[in-house]
1. In the stretch 14-30, which residue that is touching a residue at least 40 places away in the same chain (Cβ under 8 Å) and under 16 Å from S61 (Cβ atoms) is surrounded by the fewest Cβ atoms within 10 Å (Cβ to Cβ)?
2. On the basis of being surrounded by fewer than 19 Cβ atoms within 10 Å (Cβ to Cβ) and either in contact with a Ser or Thr (Cβ under 6 Å, 6 or more places away or on another chain) or free of Cβ contacts under 8 Å to residues at least 24 places away in the same chain (or both), does R129 make the cut?
3. Hey, does the stretch 339-350 have a residue that's exposed (fewer than 12 other Cβ atoms within 10 Å of the Cβ) and of a type in the set (G, A, S)?
4. When the residues of the stretch 314-326 are narrowed to those that are at pLDDT below 95 and either of a type outside the set (S, T, N, Q) or under 22 Å from N270 (Cβ atoms) (or both), which ends up surrounded by the fewest Cβ atoms within 10 Å (Cβ to Cβ)?
5. With a cut-off of at least 2 residues that are in the same structural domain as I62 (by TED's automatic domain parsing), name the strands (runs of 3 or more DSSP E) lying wholly within the stretch 166-263.
6. If you go through the stretch 7-50 one residue at a time, how many are of a type in the set (D, E, K, R) and within 12 Å of ligand 1 (Cβ to nearest atom)?
7. For the condition more than 16 Å from ligand 1 (Cβ to nearest atom), over 28 Å from I234 (Cα atoms), assigned to a helix (DSSP H, G or I) and touching a residue at least 12 places away in the same chain (Cβ under 8 Å), what is the one hit in G145, G137, G94?
8. Given the residues L306, L282, L266, which is the only one that is surrounded by 15 or more Cβ atoms within 10 Å (Cβ to Cβ), touching a residue at least 24 places away in the same chain (Cβ under 8 Å) and assigned to a loop (DSSP other than H, G, I, E, B)?
Amino acid sequence: MTDVRLDKICKTYGTVEVLKDIDLSIEDGEFCVFVGPSGCGKSTLLRMIAGLEEITSGDLSIGDRRVNSLSPKERGIAMVFQSYALYPHRTVRGNMEFGLKLSRMDRREIDARIARAAKMLQIEPLLDRRPAQLSGGQRQRVAIGRAIVRDPTVFLFDEPLSNLDAALRVETRREIAALHEKLGTTMIYVTHDQVEAMTLADKIVVLNDGAVQQVGTPLELYDTPANLFVAGFIGSPRMNLFAGEAGPEGIVTASFGTLPRPDGPLPEGNVTIGIRPENLHLTSEGGARARVTLVEHLGNEILVELALADGQKAVAQGPRNHCPTPGDSVGVTIGSEPLHLFDGLGRRIETRSP
Ligand SMILES: Nc1ncnc2c1ncn2[C@@H]1O[C@H](COP(=O)(O)OP(=O)(O)OP(=O)(O)O)[C@@H](O)[C@H]1O
Ligand SMILES: [Mg+2]
């Protein structure tokens with residue numbers, strides 16, 4: 001069993017606390033993604049799991065061993081970095097076999113492992129080249145190959161796609177997903193890109209400011225964000241957020257009038273209403289009045305940026321057959337998807353779906 005457990009993990013640099021009481025379990029074979037904005041502590045957390053960064057307090061276990069004081073090697077993990085970190089003067093084969101040779105592995109076993117990994121990653125024709133003779137995508141595959149040959153119990157990835165161009169990023173992302181499918185090994189993957197997180201993860205951990213905001217499957221986070229931070233972070237384009245006031249009659253808003261109360265308990269007072277862009281619809285008559293400020297074409301759909309009568313901005317996503325132009329006056333209505341509601345502290349208010 002190579003599950004990874006974090007129990008009240010903290011990290012401080014001097015007096016600065018960069019990670020606070022992180023509790024987490026990553027199951028054997030799971031693909032877990034840490035996502036969050038720059039500086040939130042993703043790399044630090046991953047490096048602590050790898051053994052490259054000291055753990056200030058708390059317990060880290062991999063399988064049934066507490067590994068806080070074990071060296072990276074003893075933890076049975078392999079890490080792939082954003083910068084590839086290949087030896088420039090060694091060939092692809094040389095880079096892949098270096099660690100195995102150091103551990104005095106049998107030559108035939110080394111060759112067999114390299115052949116297997118090279119085939120899986122389709123880098124067989126590149127084995128005698130040096131990194132400078134490879135494209136960025138090929139270098140990243142070599143870096144992944146170097147991790148695979150070590151046959152780790154846990155793979156760690158720190159933003160492995162961010163040096164690649166857009167097309168290659170999608171392709172390499174698929175390769176990593178296929179690799180996980182094939183190997184079934186526990187993987188922990190760091191990114192600031194919520195699309196990568198949504199497409200790769202079994203489980204997403206959203207971090208902000210050194211603290212876990214929510215843990216769940218991609219769809220749990222999308223459908224039931226635990227707070228305003230997760231609501232704004234997961235989903236592209238971002239969820240629209242409107243201020244409202246909950247009372248006995250319903251939820252009073254500046255632009256959309258009074259919305260019906262959802263079933264279930266609703267605390268009275270200030271609330272924030274979250275509506276995804278695909279749940280806002282444009283109409284020629286009725287609805288909240290708005291002016292179109294920008295239209296973006298995605299191909300099959302359009303994004304329409306709107307200025308509502310009270311000055312708030314909103315984005316609607318919809319079919320391209322009713323495409324307005326900037327400056328148009330339009331109506332905006334709310335679709336039938338359940339609303340997201342957040343209390344004065346930004347926490348989700350659980351309501352039963354209507
Ligand atoms: N050696 C250090 N000394 C002091 N502070 C540090 C040190 N290393 C990192 N930090 C701080 O810890 C915080 C978390 O850094 P970390 O590199 O984990 O962020 P990240 O989420 O990986 O960001 P990015 O997406 O930009 O890579 C940052 O505020 C950073 O400035
Ligand atoms: Mg980082």
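1. Among residues in the stretch 14-30 that are touching a residue at least 40 places away in the same chain (Cβ under 8 Å) and under 16 Å from S61 (Cβ atoms), the one surrounded by the fewest Cβ atoms within 10 Å (Cβ to Cβ) is D23.
2. It is false that R129 is surrounded by fewer than 19 Cβ atoms within 10 Å (Cβ to Cβ) and either in contact with a Ser or Thr (Cβ under 6 Å, 6 or more places away or on another chain) or free of Cβ contacts under 8 Å to residues at least 24 places away in the same chain (or both).
3. The answer is yes; a qualifying residue exists.
4. P319
5. Filter on the stretch 166-263 gives 186-191, 203-208, 211-216.
6. Number of matching residues: 5.
7. Numbers: G137 fails: over 28 Å from I234 (Cα atoms); G94 fails: touching a residue at least 12 places away in the same chain (Cβ under 8 Å).
The unique qualifying residue is G145.
8. The match here is L266.
The values are calculated or read from the model by the stated rules, or taken from the named source; none is laboratory data. Keep in mind the model is a prediction, meaning the values are calculated, not measured. Note: ideal-geometry Cβ built from the backbone for every residue, glycine included; neighbour counts use all protein chains shown.
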